[in-house]
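As structure tokens, the structure follows; a few thoughts come after it.
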Amino acid sequence: NWIGFLPVWLKNIIPATSLLYAFSLYEIILSLWLISGKKIFYASILAASTLFLIIITNISELDILFRDIAILFSAVALIILSYKEK
């Protein structure tokens, strides 16, 4: 079901199943990076950018994405809190 949330133009370039597996791997790596606490400023920028793009590309599904907006703000808070540590 998650394949439906991928942008159509991207599914035209890369097969949807492969794209979903690649994005899942990307999210796992990003979450492990965030948990590790190393270079957290850059990891949080990447996380916030990812969430922002997910929200923008699926803006019509806002009733499903409302939780992602809260997660985006927590990523932004992490950027602010870790700014001095970069």
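Things worth noting here:
- All positions within the stretch 1-43 that are within 17 Å of the chain's Cα centre (by Cα), within 23 Å of Glu61 (Cα to Cα) and small (Gly, Ala, Ser): Gly4, Ala22, Ser24
- Of all residues in the stretch 41-86, those satisfying the criterion of being farther than 25 Å from Trp2 by Cα, open to solvent by 70 Å² or more (accessible area, probe 1.4 Å) and in a helix (DSSP H, G or I) are Tyr42, Ile80, Leu81, Tyr83, Lys84, Glu85.
- Flag if Phe23 is in contact with a Lys or Arg (Cβ under 9 Å, 6 or more places away or on another chain) and either closer than 26 Å to Ala77 by Cβ or modelled with pLDDT under 90 (or both): no
- Filter result for Lys38 (free of Cβ contacts under 8 Å to residues at least 60 places away in the same chain, surrounded by fewer than 12 Cβ atoms within 10 Å (Cβ to Cβ), of a type outside the set (S, T, N, Q) and not in a helix (DSSP H, G or I)): yes
The values are calculated or read from the model by the stated rules, or taken from the named source; none is laboratory data. Values in this document were obtained by computation on a predicted structure and should not be read as measured data. Neighbour counts are summed over all protein chains in view; Cβ atoms, including those assigned to glycine, are modelled from backbone coordinates with ideal geometry. Please note that ligands, DNA and RNA were not included when accessible areas were found on the heavy atoms of the full protein model with its side chains. Shrake-Rupley method; radii C 1.70, N 1.55, O 1.52, S 1.80 Å.
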